[in-house]
Structures are given as structure tokens and as C-alpha cells.
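Structure first, then comments.
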């Protein structure tokens with residue numbers, strides 16, 4: 001998901017930045033060019049963290065800017081298909097729950113929350129399991145697996161589909177209860193009650 005990577009590229013430093021120290025003007029140009037942008041291979045570039053190397057600047061006729069070859073570190077967020085993610089539910093709708101995963105929201109459709117029939121309770125703004133009584137609401141911490149992924153050049157257009165219908169997934173409370181239940185069953189020896 002999150003990676004610290006090293007990138008080599010050429011950065012354009014505009015003339016209005018020439019009065020600043022070189023490192024500061026390069027960092028400003030890199031942040032403008034890279035931060036909060038989506039790259040199909042790298043994912044969402046969250047932060048330019050450190051400039052490692054700055055090459056000698058060159059000018060191009062007709063452009064008052066200087067161009068520098070640079071090597072820098074960047075923090076990226078690149079979700080992968082089938083990856084398990086933990087996050088918070090930040091919105092509930094009749095059709096499912098939106099979960100914040102890094103800088104992108106993913107959707108857990110009602111059919112992917114549990115094996116139970118799920119209905120939307122308008123009064124409480126929660127999703128409720130018919131037979132299990134499980135309740136999913138805004139602010140709940142959940143663990144889900146990424147089952148569909150479409151990362152676009154703008155994070156608001158990116159879509160992540162999630163499921164919580166597999167063992168070890170769901171609201172963290174549910175997962176812990178299930179683990180404790182299995183632990184009690186597995187801890188008995190043959191012949192004990």
C-alpha cells in the first residue's frame with residue numbers, strides 16, 4: 001500500500017523561484033509537480049520527502065525557467081488487488097458503506113458486508129444484519145479485501161470495491177469475537193466438556 005520510493009526526473013523551476021535557495025526552489029517545484037497526483041504505475045504520490053541529488057540547471061530558448069535533473073524520495077499509496085486493508089467507515093448509504101483507505105474511499109456493497117441479509121436503518125444511519133444483529137455505522141473500524149480496483153488520474157474518480165465476507169474480515173469487533181469463539185472451541189482437549 002504505502003511505499004517510499006526513489007524517483008529520477010527533470011523538474012522545471014520557474015523564474016519567480018530563482019531568488020530562493022536552490023534546494024527550496026527544487027522542493028517547491030517537485031511538490032507542485034508530484035504531490036497529490038496519480039501515476040498509473042506508482043499510485044497516488046502523497047509527499048515528496050527528500051531531494052537526494054540536484055543536477056546542473058539548463059535553460060531552454062523561449063522559456064525563462066531552469067530545468068534540473070533530480071533524484072528524490074516520495075511517499076506513495078498504491079493499493080493492490082486482493083490486498084487486505086484496515087480503515088474507518090466514513091459514510092453509510094442504503095447500498096453499502098464507504099471506507100477510507102489512505103487517500104481514497106472504497107465501497108463495501110451491502111452484499112459484501114456479511115453472509116446475513118443487511119438492511120439500512122434510516123433513524124440510526126446504520127446497516128443492520130437481519131439474523132445476526134450485527135450493526136455497521138460511521139466511525140467503525142473495519143478490515144476488508146480489495147476485490148475491484150480502478151485508479152484514475154484524479155483520486156475522486158478512482159474506485160475501490162471491497163469485501164468483508166471472508167474469514168478475518170469485517171468490523172474489527174466482529175473479527176475479535178469470532179477469534180475468541182474459535183479460541184475457546186480449539187482450546188478443549190478430547191473428552192473434556
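Values computed for the structure shown
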read-out	value
Extension reserve of the residue 152-residue 137 stretch, reckoned as 0.36 nm per residue once the Cα distance is removed	2.6 nm
Peptides ranked, highest mean first, by Cβ atoms within 10 Å: ranges 141-147, 18-24	141-147, 18-24
Estimated [θ] at 222 nm from DSSP helical runs (n ≥ 4, -39500 (n - 2.57)) normalised by residues in the chain, nearest 500	-4500 deg cm²/dmol
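Any read-out appearing in this document is the output of simple, stated calculations on the displayed coordinates, not a laboratory observation. What you see is a predicted model, and the numbers here were worked out from it, not measured in a lab. Ideal geometry is used to build each Cβ from the backbone, glycine not excepted, and the neighbour counts take in all protein chains shown.
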